[in-house]
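Student: Would you mind keeping the following structure in view while I ask a few things?
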């Protein structure tokens with residue numbers, strides 16, 4: 001039903017959802033959803049994205065507030081890092097019991 | 001003592017395929033399942049059926065919104081609430097069966113159907129003990145929301161007190177239910193405020209919903225003989241003890257929504273008997289026909 005025909009609602013804004021899992025260390029982007037305001041977005045996120053023990057904390061951000069890099073800038077932004085092998089600490093032995101590496 | 005996890009059978013032993021692990025909490029882990037001293041098993045079973053059937057039937061009505069809700073987010077939200085209630089119903093019906101095995105319908109020899117499923121799917125309408133409030137048609141979103149507000153506000157107030165029941169199983173079920181119901185009440189209350197203070201149309205529908213739901217409210221407050229007996233024993237909660245709190249909470253929500261408590265006539269019982277005595281409206285018959293038909297066609301089926 002369109003907002004004009006039903007007079008019920010226009011399209012609600014889109015929110016990006018970040019969830020911190022029980023075993024994770026930081027909030028991770030899990031998807032997006034529609035909600036009328038931030039409060040409702042947190043509750044919708046709880047219902048849509050944490051039904052299977054995924055989370056202990058939720059962040060929501062209005063999708064329109066996210067500034068993203070452009071695919072056109074891919075080369076100048078990311079290509080220069082491609083050949084700098086010395087930036088990767090791959091020459092160390094990591095003990096087997098160190099988690100989250 | 002009860003050392004079996006209710007989730008064992010669901011996971012088949014191998015949890016490697018589960019991305020987020022399987023460390024589910026069993027609400028009844030380590031709980032003493034023996035009947036409390038001096039409590040009549042038949043009365044305890046009847047009480048568990050009352051609370052269990054409220055949850056089971058409301059769960060079914062809410063699950064009817066699956067794929068029909070106004071948007072995807074609300075669809076999942078209502079399904080989550082329905083599943084919480086179904087979980088409460090499962091534990092309560094299992095407790096009813098343990099307290100008085102004679103309430104469980106007899107199935108063909110060798111049927112693998114557990115007692116709580118036999119109670120849900122093979123019991124006739126007049127053996128259901130739910131209040132009539134929960135069995136009516138789901139109506140529009142306003143009716144569903146107002147009914148969920150009334151049912152969850154009452155049930156939360158009740159479960160908060162039931163958490164100190166002398167029956168360790170009821171106490172454990174109530175402790176689990178309180179967390180779920182707090183979310184259900186919050187969800188419904190937010191929507192009632194939104195609908196009441198939204199558009200002219202949402203307000204009109206919410207007022208109509210209040211007029212539909214309110215006539216059946218009184219049944220929740222009425223003390224049944226079973227509740228009176230068990231409450232005196234420290235096992236059950238007398239609903240008369242939560243009525244005032246429920247009134248205050250509902251008034252707060254309606255005030256925030258700018259809605260008036262409707263002046264309505266109570267929907268009468270049959271010679272003083274109501275849903276708690278097995279007297280129901282034809283709406284329950286339709287719920288049961290849909291809910292039970294597949295299970296009844298396959299009494300020896302394994303699910």
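The values are calculated or read from the model by the stated rules, or taken from the named source; none is laboratory data. Quick caveat: nothing in here was measured; it's all calculated off a predicted structure. Glycine gets a Cβ as well: all are built from the backbone with ideal geometry, and neighbour counts include every protein chain shown.
Student: Select, from B:243, B:174, B:209, the only residue that is within 23 Å of residue A:46 (Cβ to Cβ), touching a residue at least 12 places away in the same chain (Cβ under 8 Å) and not in a loop (DSSP other than H, G, I, E, B).
Tutor: Matching residue, one of B:243, B:174, B:209: B:174.
Student: Go through (1) buried (at least 16 other Cβ atoms within 10 Å of the Cβ); (2) touching a residue at least 40 places away in the same chain (Cβ under 8 Å); (3) within 14 Å of another protein chain (Cβ to nearest Cβ) one by one and return the number of the condition residue B:82 breaks.
Tutor: Tallying (1) buried (at least 16 other Cβ atoms within 10 Å of the Cβ); (2) touching a residue at least 40 places away in the same chain (Cβ under 8 Å); (3) within 14 Å of another protein chain (Cβ to nearest Cβ), residue B:82 fails exactly one: (2).
Student: Within region B:88-100, does at least one residue satisfy the condition of being within 15 Å of residue B:148 (Cβ to Cβ) and either within 14 Å of chain A (Cβ to nearest Cβ) or touching a strand residue (DSSP E or B) at 6+ places or on another chain (Cβ under 8 Å) (or both)?
Tutor: No, region B:88-100 has no match at all.
Student: I would also like to ask the following. Every residue in region A:19-59 that is within 12 Å of chain B (Cβ to nearest Cβ), assigned to a strand (DSSP E or B), under 12 Å from the mean Cα position of the chain (by Cα) and within 25 Å of residue B:191 (Cα to Cα), please.
Tutor: Across region A:19-59, the qualifying residues are A:19, A:31, A:32, A:33.
Student: As an exercise: evaluate residue B:189 against (1) buried (at least 24 other Cβ atoms within 10 Å of the Cβ); (2) within 14 Å of another protein chain (Cβ to nearest Cβ) and give the number of the one condition it does not meet.
Tutor: (1)
Student: Another question about this same structure. Any idea which of (1) over 20 Å from the mean Cα position of the chain (by Cα); (2) assigned to a helix (DSSP H, G or I); (3) without any contact (Cβ under 8 Å) to a residue 60 or more places away in the chain; (4) closer than 30 Å to residue B:76 by Cβ is the one residue B:188 doesn't satisfy?
Tutor: Exception for residue B:188: condition (1).
Student: For the structure I just gave you, tell me whether residue B:238 is over 21 Å from residue B:136 (Cα atoms) and within 14 Å of another protein chain (Cβ to nearest Cβ). Full working, then the answer.
Tutor: Details: over 21 Å from residue B:136 (Cα atoms): yes; within 14 Å of another protein chain (Cβ to nearest Cβ): no.
Answer is no for this residue.
Student: Still on this structure, please answer the following. If I go through region B:195-206 residue by residue, how many of them are facing chain A (nearest Cβ under 10 Å) and touching a residue at least 40 places away in the same chain (Cβ under 8 Å)? Outline the logic, then answer.
Tutor: Restricting attention to region B:195-206, the residues satisfying the condition of being facing chain A (nearest Cβ under 10 Å) are B:198-202.
Now restrict to residues that are touching a residue at least 40 places away in the same chain (Cβ under 8 Å): B:202.
Residues meeting the conditions: 1.
Student: Among A:64, A:70, which is the only one that is modelled with pLDDT of 90 or more, closer than 30 Å to residue B:79 by Cβ and away from chain B (no Cβ under 14 Å)? Spell out the reasoning first.
Tutor: Numbers: A:70 fails: closer than 30 Å to residue B:79 by Cβ.
Criteria check complete, one pass: A:64.
Student: Being touching a residue at least 12 places away in the same chain (Cβ under 8 Å) and closer than 19 Å to residue B:194 by Cβ is the filter; apply it to region B:246-259 and report the residue that is farthest from the chain's Cα centre (by Cα).
Tutor: Once the filter is applied, the top-ranked residue is B:258.
Student: Take region B:246-276 and flag every residue that is surrounded by 15 or more Cβ atoms within 10 Å (Cβ to Cβ) and either at pLDDT 95 or above or assigned to a helix (DSSP H, G or I) (or both).
Tutor: Within region B:246-276, B:246, B:249, B:250, B:253, B:254, B:257, B:259, B:275, B:276 meet the criteria.
Student: Ok, one more. So if I check each of B:273, B:296, which one is within 26 Å of residue B:120 (Cα to Cα) and out of contact with any helix residue (DSSP H, G or I) (no Cβ under 7 Å at 6 or more places or on another chain)? Break it down stepwise before answering.
Tutor: Numbers: B:296 fails: out of contact with any helix residue (DSSP H, G or I) (no Cβ under 7 Å at 6 or more places or on another chain).
Unique residue meeting the criteria: B:273.
Student: Sort out which residues of region B:104-136 are closer than 28 Å to residue B:219 by Cα and part of a loop (DSSP other than H, G, I, E, B), and write them in order of number.
Tutor: Answer for region B:104-136, where residues must be closer than 28 Å to residue B:219 by Cα and part of a loop (DSSP other than H, G, I, E, B): B:104, B:105, B:122, B:123, B:124, B:128, B:129, B:130, B:131, B:135, B:136.
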